[in-house]
1. Mind pulling the angle between the C-alpha long axis of helix 93-107 and the longest principal axis of the chain? Nearest 10 degrees, somewhere in 0 to 90.
2. Looking at the square roots a ≥ b ≥ c of the eigenvalues of the Cα gyration tensor of segment 48-195, which shape do they give, rounded for a/c under 1.5, prolate if a/b is larger than b/c, or oblate?
3. What number, rounded to the nearest 500 deg cm²/dmol, is the helix-based mean residue ellipticity at 222 nm of the chain, given -39500 (n - 2.57) per DSSP H run of at least four residues and division by all its residues?
4. Can you list the residues of segment 125-151 with backbone N under 20 Å from a point 7 Å past the Cα of Ala213, pointing along Cα to Cβ?
5. Are there trypsin sites (Lys or Arg not before Pro) in segment 111-165 that DSSP puts in a loop and that have at most 14 other Cβ atoms within 10 Å, and which ones?
6. Using a/c under 1.5 as the rounded threshold, could you call segment 229-328 rounded, prolate or oblate? The axes a ≥ b ≥ c are square roots of the C-alpha gyration tensor eigenvalues, and prolate needs a/b larger than b/c, oblate otherwise.
7. Given a 1.4 Å probe and every protein chain left where it sits, what share in percent of the accessible area of segment 186-328 is carbon and sulfur?
8. Between Glu145 and Lys235, what is the FRET efficiency for a Förster distance of 22 Å, r being their Cβ-Cβ separation, to the nearest 0.05?
Amino acid sequence: MSSVLALCGGIGGAKLALGLARALAPGELTVLVNTGDDFEHLGLRISPDIDTVLYTLGGVADPERGWGRADETWNFMSAVRQLGGETWFQLGDRDLAMHVARTKYLRAGGLLTDFVEQAARQLGIDARILPMTDEDVRTIVETDEGSLEFQRYFVEQRCQPTVRSLWFAGASRARVSATVHRAIFDATQAIVICPSNPYLSIEPILAVPGIRAALLEATAPIVAVSPIIGGAAVKGPTAKIMAELGTPVSNVSIAAHYHGLIDGLVIDSVDAGDAAAIDEPVLATCTLMQDIDDRVRLAREVLAFAHTLTPHRLERILTRHVTVGVYA
């Protein structure tokens, strides 16, 4: 049974997930990962966020790029280019092994959850890593240039089109697995929403029927770490998307986005003044994770903050049940 559940996407979320893994005893962390970014490329099933978390926690991630494997070579893509194939999404030679193995496993009828569990074991990872669902959910970005699947928008178009809206194809038909459902209720210490993009990485997870409802009933306090520092995102298109959707790029907006779900928000010290405009309890600390020490320090501070919110969480759950009982 894991005492902490983390929800995350790719690079930014994986950093805090690694910090949590180092701060906790083996087996105490479960990481629930976005699969809305998954797609098929060159005949292979690609799971970018899952792989980033696997490589990061497995100690084989490229420290410079933040994604893919360290000491990567690109002979495969060079050969694809020679043959006139699609090269807009790069698959490294080492990384290719994961995609081939996953594709073979899934085409044989296996579940993504089981494949990820096996891969984590082979990489020596103590934490449990779970995809948000075993079914296909795809993030669709509606832009001024039309509808784009996420990787087309993010990688091929480099986030240049203006975002009009987002939706998650297949989400309404997806099912939360028994494993994910159990992981939510098994969390006793904290549920941490990592500083991943709330719209592109966390919202797809919450769109899977049953996950948000389970989180609302979980007894562990839910703490989100804001990806915004000083009015900008550390990495990725979070700030750009917020601005294009007409949402102020601030921690106040992040708090509003998670309102009703979280019990507390962690923001960077430079934004400490935002706390007065946020309804939930706030912890202001350094959220910029430049090295492993930063990640572990932040993880410990987030867990300590969550601990202070436990009475508040239990009171909220009790109030919700009493209200339902009165007005049902």
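The values are calculated or read from the model by the stated rules, or taken from the named source; none is laboratory data. Owing to the predicted nature of the structure, the values given are computational and were not obtained by experimental measurement. Methodologically, a virtual Cβ is constructed for each residue, glycine included, from the backbone with ideal geometry; neighbour enumeration extends over all protein chains shown. Quick note on the areas: whole protein, heavy atoms, side chains included, nothing else; ligands and nucleic acids left out. Shrake-Rupley method; radii C 1.70, N 1.55, O 1.52, S 1.80 Å.
1. 80
2. oblate
3. Using -39500 (n - 2.57) per qualifying helix, the result is -11500 deg cm²/dmol.
4. 132-137
5. In loop regions of segment 111-165 (DSSP not H, G, I, E or B), the sparsely surrounded trypsin sites (Lys or Arg not before Pro) are Arg158.
6. Values: a/c = 2.53, a/b = 1.41, b/c = 1.80.
It is oblate, given that a/c is not under 1.5 and a/b is not larger than b/c.
7. Working: 3480 of 5890 Å².
So the carbon and sulfur contribution to the accessible surface is 59 percent.
8. With a Förster radius of 22 Å, E is 0.40.
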